[in-house]
1. Which one is nearest to ligand 2 (Cβ to nearest atom) among residues in the range 75-92 that are in a loop (DSSP other than H, G, I, E, B) and farther than 23 Å from K310 by Cα?
2. I'd like to verify a number: residues in the range 110-145 that are under 24 Å from T315 (Cα atoms) and assigned to a helix (DSSP H, G or I), how many?
3. So which of D122, D167, D130 is among the acidic types (D, E) and touching a strand residue (DSSP E or B) at 6+ places or on another chain (Cβ under 7 Å)?
4. Please go through the range 24-47 and pick out each residue that is within 27 Å of Q91 (Cβ to Cβ) and either away from ligand 1 (no atom under 16 Å from the Cβ) or free of Cβ contacts under 8 Å to residues at least 40 places away in the same chain (or both).
5. Which is within 16 Å of ligand 2 (Cβ to nearest atom) and closer than 25 Å to G161 by Cα, of A125, A96, A131, A72?
6. Does Q68 qualify as being assigned to a loop (DSSP other than H, G, I, E, B), assigned by TED's automatic domain parsing to the domain that holds N34 and under 24 Å from C32 (Cα atoms)?
7. Would you mind finding the one in S155, S218 that is more than 26 Å from the chain's Cα centre (by Cα) and either among the hydroxyl-bearing types (S, T, Y) or under 28 Å from Q281 (Cβ atoms) (or both)?
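The values are calculated or read from the model by the stated rules, or taken from the named source; none is laboratory data. Note that the structure is a prediction, hence the values are computed from the model and not measured. All Cβ positions, even for glycine, are placed from backbone atoms using ideal geometry, and neighbour counts span all protein chains on display.
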Amino acid sequence: MKKPQLVLLASFLAILCSGTTALNETYYANICPNLESLVQGAVRGMMSTTNIAAAATLRLFFHDCFVQGCDASILIENPNGDDERHNFDNQFLRAAGYNTVLAAKAAVDADPQCTNKVSCADIIALAARDAVFLSGGPTWKVELGRFDGKVSTASSVDLPGASENYDRLMSRFSVHNLTPTDMVALSGAHTLGATSCFHVNPRLYPTIDTTLDPGFASQLQGQCPAALNANIFIFFDNTVVTFDNDFFKQLQQKKGVLYSDEILYVDSRSQGIVDKFAANQADFFTAFVDAMKKLSRIGVKTAADGEIRKDCSFTN
Ligand code: HEM
Ligand SMILES: *[C@@H]1O[C@H](CO)[C@@H](O)[C@H](O)[C@H]1NC(C)=O
């Protein structure tokens with residue numbers, strides 16, 4: 001290889017490396033050796049207090065990563081109210097998720113070795129993993145070393161919506177280098193939790209969405225009256241606090257509660273993935289872990305553009 005080519009190669013590699021953030025699984029091994037058990041203890045505690053804690057925590061992580069990256073910007077409370085939490089797309093995030101992360105942060109900071117040394121972004125990633133595992137789902141090693149973002153604005157939030165079709169949803173996932181398999185697997189997070197009738201009523205009134213099983217549609221009409229009551233919640237599957245593949249079996253029966261979920265079965269491009277996950281829970285778990293690892297690498301901040309927040313709700 002000639003010299004100029006070598007130089008070119010070296011600079012190309014340098015650019016590549018600067019774009020890749022150095023997360024690793026043992027980042028806190030010497031800094032805060034008890035980190036993982038402290039977080040897991042807090043998640044377990046919150047889950048025993050409220051059965052929506054796991055679902056709320058997992059969703060919080062998704063809404064964090066898809067906006068400005070996995071940098072805990074979703075937790076920031078700006079005094080003027082201009083922050084991600086106040087965007088309409090985040091209005092149904094439940095307090096239990098925030099409370100789980102804040103309890104985990106308090107548990108971590110109570111260990112003198114760890115005080116103010118672990119980022120809120122890493123704590124959310126760990127808490128989301130534990131929420132899945134403690135609900136009966138898979139577990140995995142979380143890559144760590146994220147820094148916390150310093151910016152949160154309401155206008156930066158642009159998240160997938162429940163009425164979006166396959167192309168629209170896929171375009172949102174592919175900008176983050178996530179594949180159709182990743183998208184279907186991650187949507188399997190809807191094995192936990194519930195939706196407000198706010199996201200169901202448009203499929204029921206004035207006419208019934210043709211992607212819904214008619215019998216299931218009348219059942220939903222019984223639960224969600226035509227005069228919208230956004231405080232009524234519908235479970236996504238039959239095993240609401242268990243992380244399993246029942247959600248995909250519901251989609252096969254046209255009993256997906258959200259249009260954006262049902263379309264993953266109705267659209268021929270992803271139907272095979274739904275069938276595979278419905279037939280084999282282990283396949284779902286493997287794909288979910290793979291996709292969660294990818295999700296958790298989005299937009300990671302470093303010491304150059306981030307900080308270790310003292311209070312997860314406020315920048316330092
Ligand atoms: C594919 C695009 C997605 C759309 C359109 C979507 C939309 C929604 C909607 C509308 C709700 C109900 C909110 C409410 O009314 O309370 C919801 C709940 C939820 N979402 Fe998603 N979601 C998507 C992907 C994801 C992903 C990738 C995850 C996590 C990996 C996730 C985790 C959850 C969880 C756990 C809940 C239940 C929350 C609770 O019960 O408090 N979602 N989602
Ligand atoms: C993980 O990353 C940290 C910070 O960059 C570094 O100090 C540590 O040596 C890394 N560990 C491994 C196993 O690569």
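1. Start the filter on the range 75-92 by keeping residues that are in a loop (DSSP other than H, G, I, E, B), which leaves 76-83, 87, 91-92.
Subsequent filtering for residues that are farther than 23 Å from K310 by Cα retains 87, 91-92.
Working: N87: 33, Q91: 37, F92: 36 Å.
So the residue we want is N87.
2. Selection size over the range 110-145: 9.
3. Selected residue: D122, the only one of D122, D167, D130 that is among the acidic types (D, E) and touching a strand residue (DSSP E or B) at 6+ places or on another chain (Cβ under 7 Å).
4. V39, A42, G45
5. A125
6. no
7. Numbers: S155 fails: more than 26 Å from the chain's Cα centre (by Cα).
Testing whether each residue is more than 26 Å from the chain's Cα centre (by Cα) and either among the hydroxyl-bearing types (S, T, Y) or under 28 Å from Q281 (Cβ atoms) (or both) leaves just S218.
For (1) surrounded by 23 or more Cβ atoms within 10 Å (Cβ to Cβ); (2) of a type in the set (G, A, S); (3) more than 30 Å from D283 (Cβ to Cβ), each residue gets a yes or a no:
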| site | (1), (2), (3) |
| --- | --- |
| G69 | no, yes, no |
| V118 | yes, no, yes |
| D130 | yes, no, no |
| G136 | no, yes, no |
| W140 | no, no, no |
| L144 | yes, no, no |
